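The values are calculated or read from the model by the stated rules, or taken from the named source; none is laboratory data. This structure is a prediction, so every number in the text was calculated from the model and none was measured. Glycine also receives a Cβ, built like all others from the backbone with ideal geometry; neighbour counts cover every protein chain displayed. When the accessible area is computed, the model is the full protein with side chains, heavy atoms only, and any ligands, DNA or RNA have been set aside. Shrake-Rupley method; radii C 1.70, N 1.55, O 1.52, S 1.80 Å.
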Amino acid sequence: MSISVPKVVLIGGGQIGGVLAQLCAIERIGEVVLYDIKEGMPQGKALDIAEASRVDGSDVRISGTNDPICLVGADIVVVTSGMPRKDGMSRDDLLTVNAKIISEVAENIKQYAPNSIVIVISNPLDAMVTLMQRVTGFPANRVIGQAGVLDSSRFATFIAWELGVSAKDINAPVLGGHGDTMVPLVRYANVAGIPVMEQLLRKYGSAEKAKDVMDKIVQRVRDAGSEVVKLLKTGSAFYSPATSAMSMIKAIVRDSKRVLSVCAKLNGEFGVKDYYIGVLAKLGRQGAEQVVEFDLTKEEKAMFDKSVEAVKTLVGDMDRLGI
Ligand SMILES: NC(=O)c1ccc[n+]([C@@H]2O[C@H](COP(=O)([O-])OP(=O)(O)OC[C@H]3O[C@@H](n4cnc5c(N)ncnc54)[C@H](O)[C@@H]3O)[C@@H](O)[C@H]2O)c1
């Protein structure tokens with residue numbers, strides 16, 4: 001009999017990595033290893049989480065380390081190593097400092113965990129996923145990024161507040177790069193299958209007012225990361241990014257074929273080739289198993305293309321810097 005316990009290695013044990021480690025324990029993901037360059041920190045967090053196992057019933061094997069050899073045997077590697085932004089910074093401002101860290105981490109993943117599926121969270125997201133795939137040389141389905149699950153959850157949450165319903169019943173996809181040009185897809189946003197715009201029209205009785213309310217929600221989604229940074233002052237969002245990454249880990253480990261918004265490499269879909277960008281993809285044991293294509297209106301496609309251009313500029317900057 002062969003029973004395999006999935007091994008998840010979290011590279012970066014900071015704010016997101018720490019919360020994600022606890023979520024992995026609560027979700028009984030199997031074996032969880034928290035890795036960071038800060039001595040004692042990942043060990044301390046892992047011990048703290050493990051000591052709750054009697055109370056949360058997690059029964060998980062969890063450890064912390066400063067040795068990259070922990071990557072050996074990893075099925076999934078989640079990368080949060082790098083700087084978060086501070087108030088006044090854009091995600092793109094992190095490019096140079098985080099690219100160095102991601103290159104180093106990618107070399108370790110390539111060496112020690114050559115068969116793993118890698119989920120990158122570090123910003124600027126689309127560029128860091130691109131770099132991860134370049135350095136590891138892994139097939140594109142095994143290197144993906146988390147951003148869209150979070151952006152879509154933010155979109156759904158704001159709609160839910162507006163309509164006074166559970167966010168669980170809202171589906172509100174966001175495509176494009178994880179930056180100011182992201183594309184919340186208003187036309188596809190629905191509450192239990194009913195278009196949100198239809199519900200807003202009923203609520204306000206005026207198409208103009210409904211559009212105005214939705215425009216404000218869309219802008220808030222685009223600014224949501226900065227809104228949290230402004231309040232926290234010392235870093236960026238971490239509970240919601242960790243929870244979003246958890247949904248991707250579960251979809252992969254459980255081979256559930258969930259269709260989630262993720263940063264995946266396109267091969268002609270939506271008219272884009274060889275660039276990583278946020279799209280809907282089916283997640284399972286093979287990682288991003290299929291990009292889900294669907295029709296975009298001229299306006300939606302124009303917004304998507306603008307976002308692709310922003311990602312291309314960022315990747316171009318990386319190339320110019322020789323990263
Ligand atoms: N994709 C998203 O949705 C999303 C959302 C929020 C934040 N982020 C990004 O995620 C990243 C992590 O955010 P955070 O709040 O957890 O930051 P954090 O500063 O709390 O944690 C980052 C950790 O990385 C570690 N680190 C640095 N260099 C390393 C290396 N070479 N190897 C291993 N670990 C290393 C640091 O010691 C630190 O503990 C940031 O880049 C942030 O911008 C992404």
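Quick notes
- Rough spin-label spacing in nm, given labels placed 7 Å along Cα→Cβ, for Asp67 and Ile3: 2.7
- Computed FRET value (nearest 0.05) for Leu321 with Glu51, which takes r as the C-beta separation and R₀ as 51 Å: 0.70
- Full extension of the chain between Lys312 and Lys211 gives 33.3 nm of extra length, using 0.36 nm per residue less the Cα-Cα distance.
- Scanning the chain for GluC sites (Glu not before Pro) that sit in a DSSP loop and have at most 11 other Cβ atoms within 10 Å, the longest stretch containing none of them is 52-323.
- In region 1-109, the portion of solvent-accessible area held by carbon and sulfur atoms comes to 53 percent [1.4 Å probe, whole percent, DNA, RNA and ligands not counted].
- Multiplying the residue separation of Leu231 and Arg254 by 0.36 nm and removing their Cα-Cα distance gives an extension gain of 4.7 nm.
- Normalised Debye scattering of region 167-218 at q = 0.30 Å⁻¹ gives log10 I(q)/I(0) of -1.16, counting only Cα atoms as equal scatterers and leaving out solvent.
- Value at 222 nm in deg cm²/dmol, rounded to 500, when DSSP H runs of n ≥ 4 in the chain each add -39,500 (n - 2.57): -14500 deg cm²/dmol
- Globularity ratio of the chain, using Cα Rg and 2.2 N^0.38 Å: 0.98
- In the full protein context, the chain carries 47 Å² of accessible surface per residue, based on a 1.4 Å probe and ignoring ligands, DNA and RNA.
- Per-pair calculated FRET efficiency, R0 = 56 Å: Asp169 and Glu104 via Cβ, rounded to 0.05: 0.85
- Within-10-Å neighbourhood charge of Ser116 [Cβ basis; K, R +1; D, E -1]: +2
- Over 22 Å [Cα-Cα, region 87-214], rounded percent: 50
- Eligible lysines near Lys168 by straight Cα distance, threshold 26 Å, same-chain separation 8 or greater: Lys203, Lys209, Lys211, Lys216, Lys250, Lys257, Lys282
- Remark: accessible surface ordering of Asp151, Asp56, Asp180 (largest first) is Asp180, Asp56, Asp151, probe radius 1.4 Å.
- Length-normalised contact order of region 257-298 in % [C-alpha pairs under 8 Å, at least 6 apart]: 37
- Hydrodynamic estimate: the Kirkwood radius of region 212-257 over Cα pairs, inserted into Stokes-Einstein at 37 °C and 0.692 mPa s, corresponds to D of 261 µm²/s.
- Screening the chain for DSSP H helices whose Cα atoms reach 15 Å or more along their own axis and whose mean Kyte hydropathy is at least 0.0 gives 15-26, 95-112, 125-136, 148-163, 239-253.
- Accessible surface comparison of Arg28, Arg202, Arg91, Arg187, probe 1.4 Å, protein chains only, largest first: the order is Arg202, Arg28, Arg187, Arg91.
- Calculated FRET efficiency for the pair Thr243/Thr297, C-beta based, R₀ 35 Å, to 0.05: 0.65
- Semi-axis lengths (Å, descending) of the ellipsoid that matches the C-alpha gyration tensor of region 168-314: 25, 20, 18
- The chain, relative contact order [Cα under 8 Å, separation at least 6], %: 17
- In the context of the full protein assembly, Ile109 retains an accessible surface of approximately 0 Å², using a probe radius of 1.4 Å and ignoring ligands and nucleic acids.
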